Amino acid sequence: GRSIASVMELQRHARFPGRVRSACRLLVVAGMLRLMTHTPSSCRNFLAVESVSHEQGLPSPESSQAVDKKAGQGELELATICGGGSVLLVALLFSLMKKKGKKTEVSGWDGAAVELLAICLAVGWIIRFLIPRPSGVTSQAWTMLAIFVAMICGVVTEPLPASGVTIFAMAVALASNTVSFDEAVHGFTDQVVWMVLLAFFFASCFQKTGLGQRLALTVIKAVGGTTLGLAYGLNAAEMFVAAAMPSSAARAAALFYPLTVSVSKASGSDPANGTQGKCGAFLVECCYQATATSSCLFLTGAAQNFLILKLASGVGVEVPSPFGTWFLAALGPAIVSYLLTPLLAFLLIPPEATKTPDAPQIAKEQLQAMGPVTDDEKVFGLVMLSMVGFWATTSSTGIPPIVTALCGQSLLMLTGISTWDECAKNSKAWGTFISFATLVGLAGMLNKLGIVNWFASTMTAKISAAGLGALPAFLLIMTAYWLVHYLFASQVAHVSALFQPFLLMLVKTGTPGIPAVLTLAFISNLMMTLTPYASAQSAVMFGGNFVSVSQWYKAGFAFFAFYWVVWICSGAVWWKMIGLL
């Protein structure tokens with residue numbers, strides 16, 4: 001009680017902004033509610049996994065009540081300490097931020113966004129101390145869930161960059177004795193995480209050598225005479241590059257979007273002049289949708305694809321010959337998407353100009369400025385084609401994908417196409433590596449401690465109780481997984497938080513394992529088209545002001561319906577033809 005009173009006094013007198021004060025009050029009110037509603041039977045010990053050792057046998061009613069009372073007192077003290085400590089941390093950070101801001105004309109604060117941090121801490125505290133722990137879930141598991149949800153909240157809201165959020169979450173998990181150090185850093189030894197890191201290095205080489213730009217310009221030169229032809233040409237180039245450029249954000253935002261903007265402005269379509277509707281809005285929309293499809297077509301099309309396979313393996317669903325199986329499963333619906341996406345975009349955001357006579361000439365001039373194909377482009381192209389070949393034949397050669405990737409990176413460094421200094425300075429790559437590794441490690445602990453299975457079993461029981469068969473359950477679970485992305489600003493955060501429980505729900509309600517994995521995997525890429533904040537490349541393209549907010553949301557939902565039909569309905573027919581169903 002004295003601790004709560006102190007916190008109330010602090011937040012009343014401190015000069016916090018409204019949202020920080022609200023978060024402080026939320027913690028205080030929650031603590032008071034916990035005091036008022038406290039009963040010994042509802043309390044659990046924070047650090048102990050079980051309150052009573054089974055080795056001591058069943059305790060007497062009197063001793064059981066004493067243990068309950070002692071555990072309740074410890075729980076209450078811990079709730080007050082954690083809540084008060086969180087408020088004090090927020091107060092300290094806010095004070096430092098204000099003091100540092102006063103010393104400089106422009107605030108030099110490089111720390112956390114205090115308001116967002118307060119919200120994340122409050123979310124974790126409420127889950128841990130206010131929401132009753134379900135029967136069958138240990139205290140350790142419930143604490144891990146609170147830390148993980150708060151971490152995902154942080155990855156979405158970004159009080160710190162994603163890597164900083166995950167490191168902080170790891171520190172909390174270690175300090176609370178929820179996980180051991182070996183368990184916390186287990187993800188850093190995972191092959192999938194290293195594949196993601198190397199994917200960023202390969203993407204950088206694509207840009208450095210200019211090979212990706214040369215391929216795109218060659219296609220524009222050949223078919224860019226009309227607006228629709230230009231869209232198909234850019235989509236085709238995107239598809240070819242995606243096979244060997246395993247970063248959808250880098251591919252879309254750093255390569256094809258700048259090309260699209262360049263061609264659009266050269267054709268007289270510029271948001272600065274209010275002429276974005278001439279052809280730019282349509283081309284940007286096509287460029288964006290092409291990234292979603294190419295990310296589905298190849299396992300190497302997006303970094304989160306590797307994470308998906310790892311998460312599926314964690315709950316016992318292995319995909320044999322992953323590169324070949326993935327490509328064959330996506331091939332049918334991907335071709336349909338590539339053929340129809342520009343036509344749907346043409347209906348949703350019709351371009352005012354249907355001819356782009358300047359585009360081929362512009363591409364020709366840029367190709368001439370680039371000069372002949374360089375030795376670096378030839379070597380890099382050969383290395384990437386070789387890696388794609390080895391990845392596709394992993395099942396027959398027996399060479400693990402990570403070995404192929406490491407050998408490829410080694411060759412690129414030996415030939416000077418990629419240097420260690422460039423790799424070391426690639427902050428995006430290392431940030432993603434750290435955040436992915438931590439997410440994999442903590443997500444693995446959720447599964448190990450039984451939270452994933454508990455959630456999936458609970459939801460499956462509710463679905464079964466509603467009388468839904470395998471097909472209706474599949475459609476309901478799949479659609480829910482897709483549309484819930486309206487609440488996320490990161491595909492990685494969405495996949496990390498929800499992929500495993502939704503996969504288990506599908507399997508438990510009758511969907512075969514491999515089709516369940518691939519369905520959720522493709523949705524995890526297609527859902528990036530829903531909102532202007534759905535992925536990293538969304539923000540970049542939306543920021544160009546070619547597509548308005550209303551156009552984006554309208555097109556996002558229209559493409560959701562389109563992809564639902566193409567990838568789920570026609571995809572099921574395709575999977576039946578190739579024997580996947």
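The values are calculated or read from the model by the stated rules, or taken from the named source; none is laboratory data. This structure is a prediction, so every number in the text was calculated from the model and none was measured. Here the Cβ positions follow ideal geometry from the backbone for every residue, glycine too, while neighbour counts run over all protein chains shown. Accessible surface areas use protein heavy atoms only, side chains included; no ligands, DNA or RNA. Shrake-Rupley method; radii C 1.70, N 1.55, O 1.52, S 1.80 Å.
Only a single item in (1) under 27 Å from PHE206 (Cα atoms); (2) modelled with pLDDT of 90 or more; (3) surrounded by 17 or more Cβ atoms within 10 Å (Cβ to Cβ) is not met by LEU331, and it is number (3). Output the residues belonging to the range 421-475 that are among the hydrophobic types (A, V, I, L, M, F, W, C), farther than 30 Å from PHE188 by Cα and part of a helix (DSSP H, G or I). Listed by number, the residues that qualify are MET459, ALA461, ILE463, ALA465, ALA470, LEU471, ALA473, PHE474, LEU475. Would you be able to say whether some residue in the range 376-387 is out of contact with any Phe, Trp or Tyr (no Cβ under 8 Å at 6 or more places or on another chain), under 20 Å from PHE188 (Cβ atoms) and not hydroxyl-bearing (Ser, Thr, Tyr)? No, there is no match, as no residue in the range 376-387 is out of contact with any Phe, Trp or Tyr (no Cβ under 8 Å at 6 or more places or on another chain), under 20 Å from PHE188 (Cβ atoms) and not hydroxyl-bearing (Ser, Thr, Tyr).
Being farther than 26 Å from THR218 by Cα, open to solvent by less than 80 Å² (accessible area, probe 1.4 Å), outside any helix (DSSP H, G or I) and not small (Gly, Ala, Ser), is that true of even one residue in the range 378-392?
The initial filter retains those residues of the range 378-392 that are farther than 26 Å from THR218 by Cα, namely 390-392.
Next, from what is left, pick out any that are open to solvent by less than 80 Å² (accessible area, probe 1.4 Å): 391-392.
Subsequent filtering for residues that are outside any helix (DSSP H, G or I) retains none.
No, the conditions are met nowhere in the range 378-392.
Just a yes or no: is a residue in the range 85-98 within 27 Å of LEU449 (Cα to Cα), open to solvent by less than 30 Å² (accessible area, probe 1.4 Å), part of a helix (DSSP H, G or I) and of a type in the set (Gly, Ala, Ser)? Yes: the range 85-98 contains one or more residues that are within 27 Å of LEU449 (Cα to Cα), open to solvent by less than 30 Å² (accessible area, probe 1.4 Å), part of a helix (DSSP H, G or I) and of a type in the set (Gly, Ala, Ser). Which residue out of ILE152, ILE81 is surrounded by 15 or more Cβ atoms within 10 Å (Cβ to Cβ) and in a helix (DSSP H, G or I)? Just one listed residue meets the conditions, ILE152. The conditions of being in contact with a Leu (Cβ under 8 Å, 6 or more places away or on another chain) and outside any helix (DSSP H, G or I) are met by GLY111.
The helices (runs of 4 or more DSSP H) falling completely within the range 254-325 that include 1 or more residues that are open to solvent by 20 Å² or more (accessible area, probe 1.4 Å) and of a type in the set (A, V, I, L, M) map to 257-266, 303-314. Which one of SER267, SER248 is small (Gly, Ala, Ser) and under 30 Å from TRP194 (Cα atoms)? Sole residue among the options that is small (Gly, Ala, Ser) and under 30 Å from TRP194 (Cα atoms): SER248. If the condition is being free of Cβ contacts under 8 Å to residues at least 40 places away in the same chain and aliphatic (A, V, I, L, M), then the range 116-168 contributes VAL123, ILE127, ILE131, ALA146, ALA150. Looking only at the range 173-213, residues that are surrounded by fewer than 19 Cβ atoms within 10 Å (Cβ to Cβ), in contact with a Ser or Thr (Cβ under 9 Å, 6 or more places away or on another chain) and assigned to a helix (DSSP H, G or I) come to 3 in all. When the residues of the range 66-104 are filtered to those that are in contact with a Ser or Thr (Cβ under 7 Å, 6 or more places away or on another chain) and more than 14 Å from PHE129 (Cβ to Cβ), the one that is modelled with the highest pLDDT is LYS100.
Output yes when any residue across the range 485-494 is under 21 Å from LEU331 (Cα atoms) and of a type in the set (Ser, Thr, Tyr), and no when none is. Checked the range 485-494: no residue is under 21 Å from LEU331 (Cα atoms) and of a type in the set (Ser, Thr, Tyr).
Looking only at residues of the range 344-358 that are in a helix (DSSP H, G or I) and touching a residue at least 60 places away in the same chain (Cβ under 8 Å), we find that the one that is farthest from THR300 (Cα to Cα) is ASP358.
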